[in-house]
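The structure appears below as structure tokens.
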Amino acid sequence: MSSIFSDKTRNSLITVLLFGLITFTGFIELKPNKVDIIEYGVLTFESEEVVENPNTVAGTESFMDGIQWIERTEVIPAKLGVSFGVEYIIRGNPEETVQVTEVIIFPGPGLTNPKTGKSLKESPYPIEVYKNEGNIFAYTFDEPWEIAKGEWIYQLKIEGKLILEKRFQVK
């Protein structure tokens, strides 16, 4: 049986098909949620918007603007006004969002707000983030009772699965 394609045409067709398969496979490989830490440690910010959130131990959450990383460190000074955290990026298909839960696990028995009596051992925060964009989650010691010395653990989860963990020592 003879082929309708010449050897040169057949080789070119095979090359195109293989290139297409490699390209298609490369696109599929972007789908898994790979996470990288971009930065971590002590940070500062220009301004913040504070809003009420009864799910947090402080009863509020802050949205920071003009963030600047001061020091890449895992040892955090136990002082009022200090902010620390992690900047991460989730790799994947461009322009997709993913639902994550940012969790901070506090040292020892956790934190107790003396004004409300509310105590938390950990603070989960569900949020939708864009893939391939930097995302920061951080904590600021705004009140003396928030300064808990010991190990603070920052975790990132997708559908309950741990995909990132960073540990800090507050001293």
Inset, instruction - Would you be able to say whether some residue in segment 60-77 is open to solvent by 40 Å² or more (accessible area, probe 1.4 Å) and free of Cβ contacts under 8 Å to residues at least 12 places away in the same chain? - result: yes
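Looking for whichever is modelled with pLDDT under 95 and closer than 22 Å to LEU43 by Cα here; the options are ILE105, ILE67, ILE76, ILE89. Which one fits?
Values: ILE105 fails: modelled with pLDDT under 95; ILE76 fails: modelled with pLDDT under 95; ILE89 fails: modelled with pLDDT under 95.
Going through ILE105, ILE67, ILE76, ILE89 in turn, just one is modelled with pLDDT under 95 and closer than 22 Å to LEU43 by Cα: ILE67.
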Inset, instruction - Return only the number of the condition from (1) modelled with pLDDT of 95 or more; (2) over 27 Å from ASP36 (Cβ atoms); (3) small (Gly, Ala, Ser) that GLY117 does not satisfy. - result: (1)
Inset, instruction - Sort out which residues of segment 82-128 are part of a loop (DSSP other than H, G, I, E, B), open to solvent by 40 Å² or more (accessible area, probe 1.4 Å) and either in contact with a helix residue (DSSP H, G or I) (Cβ under 9 Å, 6 or more places away or on another chain) or closer than 17 Å to VAL57 by Cα (or both), and write them in order of number. - result: GLY108, PRO109, PRO114, LYS115, THR116, GLY117, LYS118, LYS121
Inset, instruction - Restricting attention to segment 111-134, report how many residues are in contact with an Asp or Glu (Cβ under 7 Å, 6 or more places away or on another chain) and not basic (Lys, Arg). - result: 4
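The values are calculated or read from the model by the stated rules, or taken from the named source; none is laboratory data. These figures come from a predicted structure and were not determined experimentally. Positions of Cβ are backbone-derived with ideal geometry, glycine not excepted, and every protein chain shown enters the neighbour counts. Quick note on the areas: whole protein, heavy atoms, side chains included, nothing else; ligands and nucleic acids left out. Shrake-Rupley method; radii C 1.70, N 1.55, O 1.52, S 1.80 Å.
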